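The numbers here are math on the coordinates, done by the rules we state, and not lab data. Everything quoted here is computed from the prediction, not taken from an experiment. Reconstructed Cβ throughout: ideal geometry from the backbone, glycine too, with neighbour counts over all protein chains shown.
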Amino acid sequence: MFNRIQMIRLNFFIIFLISFSFSSYAQISFDRNDFKNPFVDKMDFDFSVKAYLSNNAENPNDTIYEWEVVSLNQSNAWELQVCTDGVCIADPPINKTYPFILSIGDQEEFKIGWALFEESGNGQVKILVTSKNYPENKDTVTLEISTLSNIKNLYNNTLTVKPNPFIDFINVEFQDNSSKILIIYDILGNEVLTRKVFSGDKINTSGLIRGVYILKVRGSSDFYKIIHKN
């Protein structure tokens, strides 16, 4: 029978094996595993994101990898594009593998997206990267987007927002001179500003960073694209 000291040593050994096992399965990893954007403008020719895969393996033989699309849903008119290792693949078939070499300590850029062809719809794609020699060493990245159903010009009969592009503020005017609740989202769909405003009010936007934003009037199905240029 084990004495108390032997049991303690055995427990430490088991914990070590478990920790080592988990760490060995995380030797490659994407800097980000999920991308979502519900505010894609279908009038843009294409939409894409970049994810970076790092090889943190300690085994010098663990440098050969392959990627594949493992799930895909998209509008019939769209064309999926995956670019990595200096090569772009259009409409890669599901479960077809593409090999590449990633040296230990290096990163590989994956550019993933769709050519939209001005077609509304939704898209979701999941890409799996697996070590050729050590299949337990793997990671995934997923991109999910939706196009806006109704993007309006900022200078229409019901709403005026200016200046656009903007820096520190925007002026809002409503045709009916009423008060409304405005919501501003970043390009990833995160709500960054919500405010009740009256026609003619100036909204402070100095806290926003440079980029594209989507403005929505609560209760309306219309969206408006605004650009922060600071």
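The rule of thumb for compact globular proteins, 2.2 N^0.38 Å, goes into the C-alpha radius of gyration of the range 28-147 1.08 times. Working note: Cα gyration tensor of the range 151-228, eigenvalues times five, square-rooted, sorted largest first, giving semi-axes of 18, 13, 12 Å. Straight-line cross-link partners of Lys162 among the aspartates and glutamates, defined as a Cα under 16 Å from its Cα and at least 8 positions apart when in the same chain: Glu173, Asp201.
Can you list the aspartates and glutamates whose alpha carbon is less than 15 Å from that of Lys229, not counting same-chain residues fewer than 8 positions off? Within the straight-line limit of under 15 Å, Lys229 reaches these aspartates and glutamates: Asp168, Asp186. A simple count of charges around Asn55, restricted to other residues whose Cβ falls under 9 Å of its Cβ and scoring Lys, Arg +1 and Asp, Glu -1, yields -3. The spacing between the range 65-144 and the range 201-229, judged by their C-alpha centroids, is 32 Å.
Of the listed pairs Lys36/Lys138; Lys96/Lys132; Lys196/Lys225; Lys180/Lys202; Lys42/Lys196, which have alpha-carbon separations greater than 24 Å here?
Beyond 24 Å: Lys42/Lys196.
Counting neighbouring Cβ atoms within 10 Å and putting the fewest first, the residues Asp176, Asp201, Asp106 line up as Asp176, Asp106, Asp201.
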